[in-house]
Amino acid sequence: MPTVIALDVSLSMARPATLPDTTEQYQLRHLAIHGIQAFLDHLTHSYKLEFVSLVAFSYLYQQLVKFTRDFQAIRAALDKMEVFSKTCVESALAGIRAMITDEWSSGPAQVILVTDGALGVGQGSLTHSVLRGEGHRGSGGHQGSEGRGAFPLPFPSPCTLHVVCVGDPSSPEVAAALPWYQRLIDLGGHGGERFTLDGPLSFKSVSDMFGRLTDKFYSPFHTHLHCGHFDTSVQLFPRPEPFVRQLDVGQETWVVSRLEILGFMDIKDIGSPPTHTRHLVLPHLKANKDEEEEGGNEGDAPQEDSNHDNGRSPSFTVLLHGSLKVEGMVAVLRVTDNWYGIIYSWADSKKKSNLMLGLFEPGQGSVPWLGPLDELTSCKVVTPDPYSDADKRSPFPVCPSDKRSYAQSTVVWIKPTGLQSDIQKVVRHAKKLPDKLMQFYKELNRTRRAALSFGFLDLLEALAVMLERECCLLPGTAHPNAAFQLEHAYTQLRDPHRALDYSHTIHPLHSNFAPGP
């Protein structure tokens, strides 16, 4: 999941830091930058697929580096860091909320707030912001709404908020600020921790503090992939978090323990099932020598982890990826009791593909058209009835491959390109009237009904304006019926009695110029 590093660059971060065994003058921001550098070192070595963004904030905020895997760009931005005015955490969180929503939509993320523990003064102080956020929650308001003055927490996506304090833990100011930062984390609603120094101020204690953060939230997730007699060690990225389901009494928790392939299915049978999370499946090729020695004594270390030849060693994940990609199939697997998923080949471009793991929600009915997942079996064990047509179709409750005559393509406007494509179809047919008369009205009604279904009523007026403009731009050599049909179309779109009637269909205008039946 992506990570946002929010570094406090207020005046309090420019205070001198008294370090033992040194006569050089350092500021608190130098210690914070040193800790972030240690954090980036860990990502470079063990978590290099993470997307990271750097934000500097004081009273305002600025995104210095957008989400990237180029950690060197973040290091370069840290070296040029300057100091500004007073601290205002609320404005930084509002900016981070917008950044995550624009870039990652509703996906999970993590925010690391690096500060010295100063609460700030005045209206933008942390105490004022926390009290306002708690008051908004207590009044029954919807937190995190987009209205003016709304408190930015909680984020619309599951975002974990961590607070890393580089201030002296023995300082009364830091001790008084820590409870307020904990209340800020509680307002986030998705967990997180406070991290403080274990000893006096020093570069080593700051590095150790960031080390505790990386060990708990940024450690690689290694597990075993089983398929029959094959057993290989793999890494999942990002690491799968436990699935927690709230019940009337208590809660249920599922944790990924191992990947056990139960069988294989065609992609057309599995369709596009709803997945809870998706993860890259990578071969675990690098093993620490100390771990190999410990594992060798126990006798349970995988053989393929003990000797590597720069990626030339055979790997079952490579075999599985190639097989699924060529055969057009997916592997159905179980990660723990009553929790299933699929492994499939996914291509982010025409030349590069990856082995992906999609986890369903726990339970037997996570994929409705497959039925109970623990009852799936091979087609070979099903004896067809010679007196029926059962041998001509799949014996499982999968989606039928044949398309019914009344089935039509569904209008989907998830991205702006989809909406733009549908509008361009209408305008393109409008330019070719009256030759494309029936195609024009078909696309017009299709787009109009979709706009009514989505509640996108402004699109009807925008479409009418475009058709009116096309009517005015018709050349003198155009067919007269083209102008009549365009005027009829945009008039119908603006009809106050039928414009919002979903059952109404705009038919071509009957005129002396219209072609006969």
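Laboratory data are not the source of any read-out in this text; all were calculated from the coordinates shown. The structure displayed is predicted, hence computed values, not measured ones. Neighbour counts run over all protein chains shown; Cβ positions are idealised from the backbone, glycine included.
Please list 3J(HN,Hα) in residue order for region 254-270, calculated via the Karplus relation 6.51 cos²θ - 1.76 cosθ + 1.60 where θ = phi - 60°; whole Hz, with x for glycine and proline.
10, 10, 5, 10, 7, 10, 10, 6, 9, x, 10, 9, 6, 4, 5, 7, 7
With a ≥ b ≥ c the root eigenvalues of the C-alpha gyration tensor of region 1-54, is it rounded (a/c under 1.5), prolate (a/b larger than b/c) or oblate?
Values: a/c = 5.33, a/b = 1.81, b/c = 2.95.
Oblate.
Packing-wise, with mean Cβ within 10 Å as the measure, how do 218-228, 484-494 rank, highest first? The partial results should precede the final answer.
Details: 218-228: 15.7, 484-494: 19.8.
Answer by packing, highest mean first, reads 484-494, 218-228.
Scaled to the compact-protein estimate 2.2 N^0.38 Å, what is the alpha-carbon radius of gyration of region 3-217, rounded to two decimal places?
0.97
Return D208, D215 ranked ascending by Cβ neighbour count within 10 Å, so the fewest neighbours appear first. Numbers along the way, then the final one.
On the way: D208 16, D215 10.
By the 10 Å Cβ count, ascending: D215, D208.
Using C-alpha positions alone, give me the convex hull volume of region 59-133 per residue in cubic angstrom.
111 Å³
Can you pull the semi-axes for region 155-293, root of five times each eigenvalue of the Cα gyration tensor, sorted largest first, whole Å? Mind dumping the intermediate values first?
Details: eigenvalues 288, 110, 28 Å².
That gives 38, 23, 12 Å for the three semi-axes.
Sorted by mean Cβ packing within 10 Å, highest first, what order do the peptides 460-467, 158-165 take? Could the numbers behind the result be given before it?
Details: 460-467: 17.0, 158-165: 23.5.
Descending mean neighbour count gives 158-165, 460-467.
Show me 77-90, 440-453 ranked by packing, highest mean number of other Cβ atoms within 10 Å first. Provide the component values of the computation, followed by the final result.
Values: 77-90: 16.9, 440-453: 18.4.
Result, highest mean first: 440-453, 77-90.
Rank these for me by crowding, D501, D266, going from fewest to most other beta carbons within 10 Å. Please list the in-between numbers first.
On the way: D501 10, D266 14.
With the sparsest Cβ surroundings first, the list reads D501, D266.
For the pairs K268/K352; K66/K204; K325/K352; K415/K436, flag any whose C-alpha to C-alpha distance is greater than 18 Å.
K268/K352; K66/K204; K415/K436
Can you tell me the mean projection area, over all orientations, of the convex hull of region 416-493's alpha carbons? Units nm², please.
Mean projected area of the Cα convex hull: 4.8 nm².
Please figure out what share of the DSSP beta bridges in region 3-217 is antiparallel and state it in percent, rounded to the nearest 5.
Antiparallel bridges make up about 25 percent of those DSSP assigns within region 3-217.
If amide hydrogens are placed 1.01 Å from N in the peptide plane, which non-local residues have theirs closer than 5 Å to the one on L153?
Sorted by chain and number, the residues that satisfy this are G144.
Once the dipole of region 3-217 is set up with Lys and Arg at +1 and Asp and Glu at -1 on Cβ about the Cα centre, which of L7, T196, V206 lies farthest towards its positive end?
Going by the charge dipole, the pick is L7.
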